[in-house]
């Protein structure tokens with residue numbers, strides 16, 4: 001296992017450009033590091049770009065799909081099979097040129113299905129948040145462009161709670177049939193979320209996932225942020 005900071009990690013990967021790279025980690029730290037590869041000399045695929053296409057097919061919001069795949073276990077085989085198919089098709093299409101896949105995957109069994117015998121040679125990169133303060137800054141840095149109407153996404157809830165004050169009182173309840181709410185109502189719905197408590201819980205869980213992944217895969221380039 002090799003641990004480096006974000007700048008050094010980026011320089012290593014762009015200097016060597018392994019043929020296949022998978023960048024994993026908590027969603028917002030992951031996004032900050034992934035953005036460095038926009039326009040770089042490699043094919044970049046983010047899992048969230050796939051999740052957008054899955055929303056209609058699986059009747060789930062992008063945030064709910066992202067949260068599902070971030071968890072260490074799952075119970076939606078059709079959704080998982082669809083992701084495996086998408087990624088195998090992508091990797092097969094770019095076998096002869098550098099390919100970067102970036103997204104938060106918690107389930108080690110799913111990762112092993114994706115990087116099966118036909119796709120077993122890859123560089124595993126894990127973006128590891130060192131502190132809740134740094135991760136909090138990563139969230140706020142991206143919050144301005146995030147879809148704040150997706151109130152099913154705990155990240156959105158935490159972001160809005162932290163950025164908006166005072167909380168809106170007498171919030172209207174979200175109907176079961178509604179997938180999203182206007183921004184004003186979304187702020188009202190999440191007024192009881194505590195971002196710091198949420199982040200601490202999230203990072204504790206991701207540390208356990210990281211340990212499981214490195215034990216199973218036996219290797220990782222760790223990006224400390």
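Tabulated results
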| read-out | value |
| --- | --- |
| Relative packing of 22-31, 110-119, which averages over residues the other C-beta atoms within 10 Å, highest first | 22-31, 110-119 |
| Protection-proxy order for peptides 39-45, 127-133, each taking the mean of Cβ atoms within 10 Å per residue, highest first | 127-133, 39-45 |
| Residues in the stretch 3-32 reached by a label modelled at residue 90 [backbone nitrogen below 12 Å; 7 Å Cα→Cβ] | 21-24 |
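The numbers here are math on the coordinates, done by the rules we state, and not lab data. Note that the structure is predicted; figures quoted are calculated from it, not measured. We place every Cβ from the backbone using ideal geometry, glycine too, and count neighbours over all the protein chains shown.
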